[in-house]
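Everything on this sheet refers to the single structure shown next.
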Amino acid sequence: MIFNKKTIIFILIFFLLNYPSYSKINLQIIMKINNQIITTYDLEKEISYLLALNPKLKEISDNGLLKLAKKSMIKEKIRKSEILKYKDLNSQNSRINNVLNNIIQNLDFSDQSQFENYLLDYNITIDELKKKIEIENEWKNLIYSKYSKSIKIDKKDLINKIEKLNLEEFVLEYNLSEIVFTNDQNITIDKQSKKILESIKINGFENTANLYSISNSSKVGGKIGWVKKNSLSLEINSELENLKKDLYSSPIKIGNNYLILKINDIRETAIEINKQKELEKMVMIETSKQLDKFSNIFYNKIKLNSTISEF
């Protein structure tokens, strides 16, 4: 007997809803993304994952957390489907451990063993987290392969910044978090900015980054880390120079997107510049910014061609 896709999906749904071992945990189908079925169990795991990366999300409403988890799952499933058109996923990429180590450091754990014990509280294994990291990594690789030739970087301008920096004895550095958002066609940018700023007051900056930011930093509360003042644009520096620690900027228009920055800390450090390494770092930061823009454009394009059903 030959089954078509619709028949297989129907049989699977019937099995999931009626098989005793699943009914004990009240397993239900809540969503279908293209041909991928999402259950209540999947949603619970996604909520746990988001809470593990940003425990402050416990402060937002259950409904807000539910919406965030659904949005996160939709993005991951659509990205994964696109990646699988070009390659298989096997969690063997060496860069996965680099990203994992950054997460461990950002959450202030001393080693992976301590972090794994922390994940147990959220019913998440390190292997499950690595699979999610792999999807993020391979998506970035896909975007780079598609858009690397479209990246425009003014190296002369960056070199001039480094030369000016080299004349100073100390450099000012900001520890920053970000919220990046784009214009929603359903409301004006003023209303959208107001909604996000109100959310910051109610839910906090980190939680609002999770809820509204389109940047890859959103899952860790928008954290960027330490950035030299000289590597930032004049427009951004003009916004930050009047801000103190723990305060955030007004929305700043950057290309087609808008950016809100929060200063987590400020420090002055003695300048020890390796010009080549500093240039490579600046090029990497600028490349990442442009790839983020292309990533959002491409994701929105394939999302429009995806079928998303909620039950």
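Here, each number is a calculation from the coordinates, and none is a lab measurement. Remember, it's a predicted structure, so these values are computed and weren't measured experimentally. Cβ atoms come from the backbone with ideal geometry, glycine included; neighbour counts cover every protein chain shown.
Close amide-amide hydrogen proximity is noted between ILE30 and ILE38, THR39, THR40, each under 5 Å apart and 5 or more residues distant or on a separate chain (H modeled in the peptide plane; Pro and chain starts excluded). Here the spin labels are modelled as points 7 Å beyond Cα on the Cα-Cβ line, and at TYR122 and THR307 they lie 3.3 nm apart.
Relative to the 2.2 N^0.38 Å rule of thumb, the stretch 155-280 has a C-alpha radius of gyration ratio of 1.15. From the Cα gyration tensor of the chain, with a ≥ b ≥ c the square roots of its eigenvalues, which class applies: rounded if a/c is under 1.5, or else prolate if a/b is larger than b/c, or else oblate? Since a/c reaches 1.5 and a/b is larger than b/c, the shape of the chain is classed as prolate. Show me the helices of the chain, taken as full DSSP H stretches, that run 30 Å or more along their long axis by Cα and average -1.0 or above in Kyte-Doolittle hydropathy. Helix filter hits for the chain: 62-83, 275-304.
Fully extending the segment from SER238 to LYS195 would add 13.1 nm, taking 0.36 nm per residue of separation and subtracting the current Cα-Cα distance. Close amide-amide hydrogen proximity is noted between ILE308 and ASN34, each under 5 Å apart and 5 or more residues distant or on a separate chain (H modeled in the peptide plane; Pro and chain starts excluded). Stretching the chain fully between GLU169 and LYS229 yields a gain of 20.2 nm (0.36 nm per residue, less the alpha carbon separation). Sparse packing (at most 10 other Cβ atoms within 10 Å of the Cβ) combined with a DSSP loop state is found for the following trypsin sites (Lys or Arg not before Pro) in the stretch 81-131: LYS85, LYS87. Think of the stretch 38-160 as having a plus end and a minus end, set by charges on the Cβ of Lys, Arg, Asp and Glu; of LEU120, SER145, ILE74, SER145 sits farthest toward the positive end of this dipole.
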